[in-house]
1. State all residues of the stretch 103-147 that are within 13 Å of the ligand (Cβ to nearest atom) and assigned to a helix (DSSP H, G or I); if no residue qualifies, say none.
2. Hey, among the residues in the stretch 98-123 that are basic (Lys, Arg) and under 17 Å from the mean Cα position of the chain (by Cα), which one's surrounded by the fewest Cβ atoms within 10 Å (Cβ to Cβ)?
3. Count, please, the residues in the stretch 201-228 that happen to be small (Gly, Ala, Ser) and away from the ligand (no atom under 16 Å from the Cβ).
4. Pull up the stretch 63-97, narrow it to residues that are closer than 19 Å to LEU243 by Cβ and assigned to a helix (DSSP H, G or I), then point me to the one that is farthest from the chain's Cα centre (by Cα).
5. Give me the pairs, please: first residue somewhere in the stretch 124-148 and touching a residue at least 60 places away in the same chain (Cβ under 8 Å) and surrounded by fewer than 18 Cβ atoms within 10 Å (Cβ to Cβ), second residue anywhere and of a type in the set (Val, Ile, Thr) and not in a loop (DSSP other than H, G, I, E, B), beta-carbon distance under 9 Å, and either six or more positions apart or on two chains.
6. In the list HIS23, HIS87, HIS2, which residue meets the criterion of being touching a residue at least 24 places away in the same chain (Cβ under 8 Å) and more than 29 Å from VAL187 (Cβ to Cβ)?
7. Among the residues of the stretch 111-125, is there at least one that is in contact with a Leu (Cβ under 9 Å, 6 or more places away or on another chain) and farther than 27 Å from PHE40 by Cα?
8. Restricting attention to the stretch 167-175, does a residue exist that is surrounded by 20 or more Cβ atoms within 10 Å (Cβ to Cβ) and in contact with a helix residue (DSSP H, G or I) (Cβ under 8 Å, 6 or more places away or on another chain)?
Amino acid sequence: MHCAYAIIGGSSTCSIRFPADLHDAAVKVLEENRIFNTPFGESPPFTLFELDREPVITCRMHGWRSGVPRGRASQQIFWVMKEAGVHTILAEGGVGSLREDLNPGDLVIPHDYIDLSLRKDVSLSDDYLLIMRDPLCPPLRAALIAGAEQVVPGRKVLGEAVYAVTEGRHFESRSEIRLFSQWQITVVGQSLAPEVYLAREIGACYAGVYLVVNYAEGTAGDWSHDVLHNLFYSEAQTMGQILICALRNRIHSPGDCSCASLRKPSLIKKHLS
Ligand SMILES: [Zn+2]
């Protein structure tokens, strides 16, 4: 199986069968529930489909198997992508906003991140030194911004933001969020790392679109769980359409970037061998 494009589904498309439920004429689902054996254990189920006749693989990051740690799940997914020859990966998810003017329902396409999770040792090998300059591919972000503007014209789309990755599963305390604000963090969530490292390790471009589902604690009073719950279901189609639209933009207009050259052979390994 050779496949250059991949989509990692997060919480925002969790409530639909992606991409089948979009009923998009340009999407042809080839196979669902394909499981791969990997050195890190059995992969989650993948869906294979064609978009404008270009093969794409997709899987869910959340909610597919209990008892498999997130780091291990990421290794399984990225091993499959490496073997398939994936060079472009889109992701999505839900985030909390640290800005009063960035509201539930708004969209964010981050350009950088701060990793506060405990999963920094997740990798497929120790072969590479990973340079995290421009970690979210600029042309791929542009494709997502254009996709969002095409699918939901008029919706607020923040095209630059710093995403703080926390360990979870719980949300953050008021004091943590106050500290994050001082660090110029825009949104907080629990995906993006280690995926962003693993994408760089396999030499792929990576970027994501994130739906604001609540205000981070203490940002704008007490946020409503009902709003979060409703967005989880009501925006799934929209988020799926944005991913498909962005991927189509990318397939037809890839743009130049330096993602693939920001991994270098590890000097330490060479020195030790
Ligand atoms: Zn790139």
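1. PRO138, PRO139, LEU140, ARG141, ALA142, ALA143, LEU144
2. If we filter the stretch 98-123 for residues that are basic (Lys, Arg), which is where we start, we get 99, 119-120.
If we keep only those that are under 17 Å from the mean Cα position of the chain (by Cα) too, we end up with 119-120.
Details: ARG119: 16, LYS120: 11.
Ranking the candidates gives LYS120 first.
3. In the first step, residues of the stretch 201-228 are kept if they are small (Gly, Ala, Ser); the result is 203-204, 207-208, 216, 218, 220-221, 224.
Adding the requirement that they be away from the ligand (no atom under 16 Å from the Cβ) leaves 216, 218, 220-221, 224.
Matching residues across the stretch 201-228 total 5.
4. Applying the first criterion (closer than 19 Å to LEU243 by Cβ) to the stretch 63-97 yields 63-64, 74, 77-78, 80-81, 84, 86-95.
After this cut, where a residue has to be assigned to a helix (DSSP H, G or I) as well, the list is 74, 77-78, 80-81, 84.
On the way: SER74: 11, ILE77: 12, PHE78: 12, VAL80: 16, MET81: 14, ALA84: 18 Å.
Among them, the one singled out is ALA84.
5. Correct list of pairs: ASP126/ILE268; LEU129/ILE268; MET132/VAL196.
6. Details: HIS23 fails: touching a residue at least 24 places away in the same chain (Cβ under 8 Å); HIS87 fails: more than 29 Å from VAL187 (Cβ to Cβ).
Unique residue meeting the criteria: HIS2.
7. Taking every residue of the stretch 111-125 in turn, at least one turns out to be in contact with a Leu (Cβ under 9 Å, 6 or more places away or on another chain) and farther than 27 Å from PHE40 by Cα.
8. Filtering the stretch 167-175 down to residues surrounded by 20 or more Cβ atoms within 10 Å (Cβ to Cβ) leaves 172.
Restricting the remaining residues to those that are in contact with a helix residue (DSSP H, G or I) (Cβ under 8 Å, 6 or more places away or on another chain) gives 172.
Yes, the stretch 167-175 contains a residue that is surrounded by 20 or more Cβ atoms within 10 Å (Cβ to Cβ) and in contact with a helix residue (DSSP H, G or I) (Cβ under 8 Å, 6 or more places away or on another chain).
Laboratory data are not the source of any read-out in this text; all were calculated from the coordinates shown. Keep in mind it's a predicted model, so treat the numbers as computed, not measured. Note that each Cβ is placed from the backbone with ideal geometry, even for glycine, and that neighbours are counted across all protein chains shown.
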